[in-house]
1. Return the FRET efficiency for the residue pair PHE75, ILE27: r is the Cβ-Cβ distance, R0 is 25 Å, and the value is rounded to the nearest 0.05.
2. Label-point separation (nm) for LEU20 and LYS35, each offset 7 Å from Cα along Cα-to-Cβ?
3. Can you tell me the length gained on complete extension of the stretch ILE67 to LEU46, counting 0.36 nm per residue apart and subtracting the Cα distance?
4. At a Förster distance of 22 Å, what's the computed FRET efficiency of ILE56 paired with HIS12, Cβ-Cβ distance as r, to 0.05?
5. Would you compute, for the Cα atoms of the chain, the largest minus smallest coordinate along each principal axis and list the three values in descending order, in whole Å?
6. Cα axis of helix 2-42 to longest principal axis of the chain: angle in degrees, 0 to 90, nearest 10?
Amino acid sequence: MAVQESALAIAHLGAIGYGLAAIGPGIGVGLVVSKTIESIARQPELAGRLQVTMWIGVAFTEALALIGIATPFIFQ
């Protein structure tokens, strides 16, 4: 019985850990997009180049979230 309870506790810790790991990328994506919108508002002629750079930044930031969700499975 104690083994099942400890396994359940570890599973809950993994869920909490991923929730905490998703906070950073969420903030990062928000900052990247907000600064891109601000930059486009200042120089609309660079909108295309800025959007490409924004999507690259979003992809790198979201990679951190994917690492966060994969880590509990790796160390299980």
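Just so you know, all these numbers are worked out from the coordinates, no wet-lab data involved. Since the structure is predicted, the reported quantities are computational estimates derived from the model, not experimental observations. We place every Cβ from the backbone using ideal geometry, glycine too, and count neighbours over all the protein chains shown.
1. Numbers: r = 25 Å, r/R0 = 0.99.
The formula returns an efficiency of 0.50 here.
2. Distance between label points: 2.6 nm.
3. Details: separation 21, 0.36 × 21 = 7.56 nm, distance 3.21 nm.
The ILE67-LEU46 span can extend by a further 4.4 nm.
4. Values: r = 35 Å, r/R0 = 1.60.
Computed FRET efficiency for ILE56 and HIS12: 0.05.
5. Per principal axis, max minus min of the Cα coordinates gives 65, 17, 9 Å.
6. Roughly 0 degrees between the two axes.
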